[in-house]
Each structure stands twice: as structure tokens, then as C-alpha cells.
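Heads up: the structure comes next, in C-alpha cells.
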Amino acid sequence: MSLNNNRKKHIKFIERHLALLPGSHEAQDVNKMAIVFYAIESLCALEIDTKEIYTKNLGWIHKHYSKISLENDEPIAGFVGSLTMDIAGVNTISLPNTLFALLTLLILDDRAFLTDSIEMGRISSFVSACQLEENGSFMSALNFDSIEASSVDSNDLRFCYIAVTILYLCGSRTINDFSRYIDTEKLVEFISSQKCNVGGFGQYGEPHAGYTSCALSALKLLDSLDRLSEEFIEKSITWLVQRQVSNIGCSKFENENNASYDEFDHGGFQGRENKFADTCYVFWCLNSLQILTPDWQTLCNTSLVRDFLLNRTQNLVTGGFSKNDEDDPDLYHTCLGIASLKLIDESFNGVLCIPKNISSSLES
Amino acid sequence: MSPWISCTLDKDKPDMPFNIEDYKDIEPLPITTGLPDELCEIMYTDNYKQIMGIARALVQKKEYSARALQLTSEVIGMAPAFYTIWNYRYDIVKWQMETHSNVPELLNNELSWLDEITLNNPKNYQIWSYRQSILKIHPSPSFKLELPILQMMIDDDTKNYHVWSYRKWCLLLFQDFSNELSYTDTLIQRDVYNNSAWAHRMFVLKSTAPSGNDINDEINYVKEKIELVPQNISVWTYLRGLYEYFRKDVYDEEIIKFAETFTNNVFDLKTLENLPPVESSYAIEFLSFVYSKNEATQYKSITGYKALSEKYDPVRVGLWDHKIKRIQQGNRAI
Ligand SMILES: [Zn+2]
């Protein structure tokens with residue numbers, strides 16, 4: 001089984017999410033920009049000419065760009081998740097929606113926007129406003145009526161990663177560039193505070209593959225991986241490789257008692273110890289590993305990973321990927337399933353979560 | 001004060017049922033949709049369009065009122081990921097605090113409302129950060145009042161990362177760790193593979209400066225659990241964590257003997273042909289790590305990693321080869 005055999009079905013499955021959706025999708029209304037990114041990025045990874053097809057939708061995407069005027073200063077700006085959230089005079093932009101929109105514009109080669117230094121500066125200032133003075137971490141949005149980081153949001157590694165990636169897309173490359181907008185020292189300290197004893201990153205000492213990927217990607221973009229000790233890197237590599245689920249050797253003893261073990265998860269990755277394997281955690285684990293070591297493909301077994309994705313979580317009937325072999329496929333797991341396969345093929349930039357042929361244009 | 005405000009502030013009936021008639025005077029701010037270049041167009045129901053239209057108008061006007069609070073509840077029910085509405089709701093609550101005669105009660109009602117939203121949206125993470133924000137402005141927050149929702153949510157999904165994180169945040173806020181060892185014990189008895197429960201236990205130990213005897217008890221506790229199910233990564237990680245953190249990473253003869261009871265003399269083998277059955281690959285890995293720390297025993301460590309590659313955990317052959325290489329280059333395995 002290969003991805004190409006099923007390519008047409010995957011494309012149909014993905015395209016459905018961009019078309020007219022029934023009212024039952026209302027809860028997803030505010031996440032539209034995420035849906036647009038997952039879909040267009042996946043189509044691009046499947047080598048669809050997304051620029052050709054979706055250039056006509058650029059105007060609609062631009063409508064999600066919102067500026068917040070400040071009294072004596074340049075406005076700050078970012079993107080909202082849906083036009084439902086676009087309310088004049090109210091701060092509804094968020095870091096995740098801004099990242100999703102910028103990446104989508106990059107994929108669609110909408111350069112006019114991404115090379116406008118005034119707009120990039122405004123977006124970078126928005127990122128700046130989301131950083132918390134107390135510990136250098138980020139909230140994902142502002143208070144609805146003031147330029148302060150939100151009072152009710154969470155401040156975890158996801159938003160640290162997203163903040164750094166937005167700045168990178170807006171032109172920051174060196175630590176000095178980043179430091180024009182954010183306190184990089186405090187941020188790196190916050191990221192370091194989320195290190196876990198057994199390796200990996202997470203909250204209060206329990207490592208989590210998703211947070212690990214966010215932490216390492218952010219450090220990579222900040223060119224600060226050297227802030228991690230050799231011992232911690234070795235522990236993290238070990239922890240990550242251990243997340244590959246196996247049904248041979250002693251692992252098979254778990255079949256009897258471990259309620260979160262499934263022998264058919266063989267080759268997949270779990271996000272934490274003693275959890276089922278899941279398509280999205282394949283991506284978070286592999287991306288983390290490839291950041292830590294160039295030898296990642298020999299450290300874990302990528303041919304078993306491919307088998308897990310192609311033979312277990314890929315849906316051969318409807319297209320798309322699900323998290324396991326039970327649930328229906330969904331767009332998020334489809335996006336990360338394809339991304340994982342492309343990562344193994346070395347044609348994907350896992351840190352930015354876009355195909356390498358798109359990210360290469362940023363490096364020049 | 002307008003009637004709906006006094007109604008919500010009336011402690012006998014804190015919950016005014018939602019009634020669209022209460023918003024008749026609001027000119028709705030309709031959602032933009034039906035554009036020719038729109039992606040992900042949703043066929044909104046009339047109800048959604050109506051509620052969102054009113055909500056958008058109220059946020060824009062910054063109306064602080066009981067009916068505005070009520071409406072945020074409706075919006076959160078329909079679109080729980082709409083972060084701005086949470087933010088708006090929080091400001092309405094803070095506004096209510098200014099005039100309310102019993103602030104603790106007002107905020108406790110808010111927490112009860114949140115309980116219900118939480119039970120309907122167990123995976124939403126906004127609920128926990130919102131909860132933290134409410135507790136932060138609560139004049140007399142109580143860990144006791146947090147326990148029921150924590151209990152319910154962990155019972156429902158014993159490895160829910162957000163709930164465990166919230167529990168640990170509460171422990172730090174209230175500085176009350178007294179019940180946690182017995183609480184995690186209950187969960188570990190229910191499922192010895194529950195890694196979140198083990199991680200929580202380690203967090204509690206690190207936060208409470210346990211005595212040497214306490215750590216001895218803890219080592220005995222985890223040894224019992226290893227004997228119960230030797231092939232369980234969580235217990236071995238926990239054991240190593242105890243030694244690393246409280247025993248300066250020094251492994252005594254006793255713990256080595258204990259681990260060896262699961263490895264069927266594999267470390268003494270001269271050849272790796274016909275490897276015997278063992279009960280736990282993690283025991284072999286644990287000992288291989290311990291042996292790698294001392295030059296005199298490093299050959300045993302290499303035997304262990306080779307045996308893992310060969311038979312006990314062959315999927316990770318790349319990792320075990322890498323460990324052997326490290327030792328041969330004069331490093332510890334880690
Ligand atoms: Zn998943």
C-alpha cells in the first residue's frame with residue numbers, strides 16, 4: 001500500500017472540508033482558518049497545484065486580517081479564525097489563526113502580503129503583545145478591549161511555538177531579530193522550565209509528544225538548541241524512540257492487562273507512556289526526533305511507521321486518515337498522517353509544518 | 001438596576017432561563033457569509049445566526065449585564081472555542097463583582113456553571129484556564145470545592161492531561177498535598193499503567209521534601225507494583241526517577257538484585273544464542289543503564305542492549321545500537 005494508490009480519495013476527502021458544510025459544523029465555525037490551512041497544506045503535500053486552484057480565494061482570506069488601532073502608535077494586526085469573529089473595535093485576532101493564515105498565504109504564493117514590511121511589523125507587534133512579562137510564555141490572544149495578553153487563556157508551549165513561527169515568517173532570523181519584538185531570554189527560560197526528568201517536555205513533569213515538538217521547534221527557530229544539555233538531548237531521544245509501539249519481544253505481555261495497549265498499533269507512535277498509538281503523535285514524535293538528531297531514521301523504525309499509517313489509520317474507502325483504526329477519518333489526522341509520510345521521505349519541513357519546496361523559498 | 005440584573009443577583013434563583021425576548025432592543029450585527037470566494041461556508045441555522053448576531057452586537061457595545069452573561073453561555077454552548085466570548089464573559093463577571101454583596105457566592109456560581117460546560121466539553125482546554133482565572137480573583141477559593149469536578153473528570157478519562165495539569169496547578173495554589181499519595185494510589189490500584197497517576201505522584205514527592213524514610217517507603221511501594229506487572233514502563237521510570245532525584249542517581253546492591261529477579265541471568269551469558277525468556281525488557285534496560293555508569297560493568301551493559309536488540313525489544317534495535325556506541329566511546333548510556 002502506498003499513499004499514491006489512494007491519492008485521489010484523499011484529495012476528495014480533503015476538498016470536502018473546503019466546500020459548503022452543513023449546519024452541524026457550527027462549532028467549528030471559529031476554527032475555519034485552521035481548517036483552511038490543514039486542507040490546503042495537505043493538498044499541497046499531495047502535489048496539487050493549490051496556487052492555481054485557490055488564488056481566487058485570496059480575497060476572502062485577506063478579509064480575516066484585522067488591525068487594532070492604537071492611540072499614538074502604529075496599529076497591531078493579525079488574523080481572525082472566521083468572519084463570525086470579525087467585530088469592528090473588538091480584539092479577536094489570535095496567534096494560531098495568524099499562523100494558519102500566513103502559512104496558507106505562503107503556500108498560495110501570495111507574496112505581496114508576506115513581503116510588506118509594514119504589515120509584518122504590525123503582526124510582529126501583535127506577537128509581542130501576547131508575551132507574558134512574568135515568565136516569557138505566550139497567551140494566544142489579547143483581552144477583547146485592551147492591548148494586553150488575555151486574562152483567561154492558557155500559556156503553554158503551543159503558543160510559544162506559534163509566536164516564534166509567526167515572527168520567523170515575518171522575517172526574524174537571528175536571535176537579535178526576534179529580540180526586537182519579544183524577550184527571547186525569558187522565553188527560552190520558560191521553554192527550559194517545561195523540560196521533564198525522563199526527557200521530553202510537558203507540564204509539571206509529565207512529558208507529552210505534542211509539547212515536546214512545540215518546544216524543540218521553537219528552540220530550533222530561535223537557533224537555541226545548544227541551550228539543552230547533551231544529557232537532556234540523549235534522554236529525550238530515548239524517550240521519543242520509546243514511544244514507538246511494538247508487539248514483539250516483551251511488549252506482547254502488555255496485551256493481557258494494559259487497557260491502553262493494542263497489539264495492532266505496532267509501529268505507530270503514542271503521545272505519552274501507556275497510551276494507544278495515534279497518527280498525530282507519529283508526526284509530533286518524528287518531528288521532535290529529526291530536530292534532535294540527523295540519525296533519526298536509523299534510531300527508530302520508519303518502515304514500521306509507514307506500515308502503521310498506510311495499513312492501519314489510512315482510510316481506503318473514504319480517503320483521509322484517522323487517529324487509529326476505529327474512529328472516522330478527520331482533517332487534522334489526515335494532515336498529520338500525510339505530513340509524517342512526507343517527513344520520512346525527507347520532503348517536509350516539520351518545524352514549519354509545510355512541504356520543503358514551500359519552506360525553501362523562505363531560506364533565501 | 002435593570003430587572004435582569006437583579007434577577008441574576010437574586011441568590012434564590014441565580015439561573016435566569018435564556019429568553020430571546022430579553023434582547024429585543026438589540027440591533028444584531030449579522031455574520032458575513034455567502035461570499036463568492038468563501039471557503040468552508042457553513043449553512044448556519046437561523047438560531048446560530050440570531051444568537052451570534054446579538055452576541056457580536058453586545059461585545060461591540062461592551063454591554064455588561066446579566067443578559068449579556070446569559071448570552072455568552074449560549075454562545076459558548078454553540079462554539080466553545082470562541083476565545084473572545086470567554087474573555088468578554090470574564091469581564092462581565094468582574095463587573096458583577098463590583099456590585100455584588102456576596103462575591104464568593106457569585107464566583108462559586110460561576111464555577112458551577114463552568115462545571116456543566118466542562119462535563120459537556122471534556123476536551124476543551126479553555127475551560128481550565130478560565131477556571132484558573134476565576135480562582136485567581138476569588139477572595140476565598142477552596143480546594144475542597146475543586147475536588148468534585150476534578151474527581152468526575154479524572155474518573156471519566158483517567159489520563160486527561162489538562163485535568164491532571166489543572167490538579168497540579170491547584171496543589172501549588174492551595175499548597176495542600178496531603179491527600180495526593182492516597183489519591184494516586186487509588187488510581188494506580190485501578191490501573192497500574194496509568195502514567196499520569198505516576199507522574200502526579202512524582203510531582204507530589206518533589207513538591208513536599210520527603211524524608212529518607214518516606215523515599216524508602218516509596219521505593220518499596222513501586223517495587224510492589226513492579227512485581228505485580230514487570231512489563232510496565234511507568235513503574236520503571238518512576239523507580240529511576242526516585243533514585244535520580246532522591247538518591248543522587250546511585251543504585252545500591254539491593255535494587256540491582258531486585259531488578260535482576262526479572263532478567264533470568266541474561267547479563268551473565270557468554271553468548272546471545274538461545275536467550276531465555278524474561279519478564280521485563282524494562283528491567284534489562286534499567287540494569288543496562290545502571291551498569292553503563294561504571295567502567296567495570298560496562299560489558300554487562302553492552303550484553304543487555306544486545307539482548308534487547310536480539311530478542312526482548314527488537315523494534316528499537318537502532319536505539320540499542322546507539323547506546324552501545326555511546327558506551328564504546330566512553331559515555332554513559334543515559
Ligand atoms: Zn491524534
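Worth a mention:
- Residue that is surrounded by the fewest Cβ atoms within 10 Å (Cβ to Cβ) [pool: residues in the stretch A:9-40 that are aliphatic (A, V, I, L, M) and within 7 Å of chain B (Cβ to nearest Cβ)]: A:Leu20
- The one condition from (1) more than 15 Å from the ligand (Cβ to nearest atom); (2) within 12 Å of chain B (Cβ to nearest Cβ) that A:Arg272 does not meet is (1).
- Test for A:Cys250: is it more than 14 Å from the ligand (Cβ to nearest atom), over 30 Å from A:Ile191 (Cα atoms) and crowded, with 21+ Cβ neighbours inside 10 Å: yes
- Counting only residues that are crowded, with 18+ Cβ neighbours inside 10 Å and either among the basic types (Lys, Arg) or away from chain B (no Cβ under 11 Å) (or both), the stretch A:49-89 holds 8 of them.
- At least 2 residues being within 23 Å of B:Thr32 (Cα to Cα), among the aliphatic types (A, V, I, L, M) and in contact (Cβ under 8 Å) with a residue 12 or more places away in the chain is the threshold, and among the helices (runs of 4 or more DSSP H) wholly inside the stretch A:38-147 those reaching it are A:58-62, A:95-107.
- When residues of the stretch B:79-130 are limited to those that are among the aliphatic types (A, V, I, L, M) and facing chain A (nearest Cβ under 7 Å), the one farthest from A:Phe144 (Cα to Cα): B:Ala79
- Residue in the stretch A:140-153 that is away from chain B (no Cβ under 12 Å) and small (Gly, Ala, Ser) present: no
- The one condition from (1) within 27 Å of A:Arg227 (Cβ to Cβ); (2) away from the ligand (no atom under 12 Å from the Cβ); (3) in contact with a Leu (Cβ under 8 Å, 6 or more places away or on another chain); (4) at pLDDT 95 or above that A:Leu362 does not meet is (4).
- Residue pairs whose Cβ atoms lie under 6 Å apart, separated by 6 or more positions or on different chains, with the first residue in the stretch B:233-246 and within 7 Å of chain A (Cβ to nearest Cβ) and the second β-branched (Val, Ile, Thr) and not in a helix (DSSP H, G or I), are B:Thr237/A:Val198.
- Scanning the stretch B:76-112 for residues that are touching a residue at least 60 places away in the same chain (Cβ under 8 Å) and under 26 Å from the mean Cα position of the chain (by Cα) gives a single hit, B:Asn109.
- Any chance A:Tyr211 is away from the ligand (no atom under 16 Å from the Cβ) and within 11 Å of another protein chain (Cβ to nearest Cβ): no
- Residue match in the stretch A:278-288 (condition: under 30 Å from B:Pro276 (Cβ atoms) and away from the ligand (no atom under 14 Å from the Cβ)): no
- Any hit, the stretch A:180-188, residues being under 30 Å from B:Val93 (Cα atoms) and either of a type outside the set (Val, Ile, Thr) or free of Cβ contacts under 8 Å to residues at least 24 places away in the same chain (or both): no
- Some residue of the stretch A:315-338 being β-branched (Val, Ile, Thr) and away from the ligand (no atom under 16 Å from the Cβ): yes
- Whichever residue in the stretch B:286-334 is assigned to a loop (DSSP other than H, G, I, E, B) and more than 8 Å from chain A (Cβ to nearest Cβ) and, among such residues, is surrounded by the most Cβ atoms within 10 Å (Cβ to Cβ): B:Ala333
- Inspection of the stretch A:170-188 identifies no residue that is in the same structural domain as A:Ser69 (by the TED database), in contact with a Pro (Cβ under 7 Å, 6 or more places away or on another chain) and either crowded, with 22+ Cβ neighbours inside 10 Å or over 24 Å from A:Lys67 (Cβ atoms) (or both).
- For A:Glu346, the conditions (1) farther than 30 Å from B:Pro230 by Cβ; (2) within 15 Å of the ligand (Cβ to nearest atom); (3) surrounded by fewer than 20 Cβ atoms within 10 Å (Cβ to Cβ) are fulfilled apart from (2).
- A:Thr293 being among the β-branched types (Val, Ile, Thr) and surrounded by fewer than 19 Cβ atoms within 10 Å (Cβ to Cβ): yes
- Filter pass, A:Ile11 being without any contact (Cβ under 8 Å) to a residue 12 or more places away in the chain and more than 17 Å from A:Thr84 (Cα to Cα): no
The values are calculated or read from the model by the stated rules, or taken from the named source; none is laboratory data. None of the values given here were measured: they were computed from a predicted structure. Don't worry about glycine lacking a Cβ; one is built from the backbone with ideal geometry, like all the others, and counts go over all protein chains shown.
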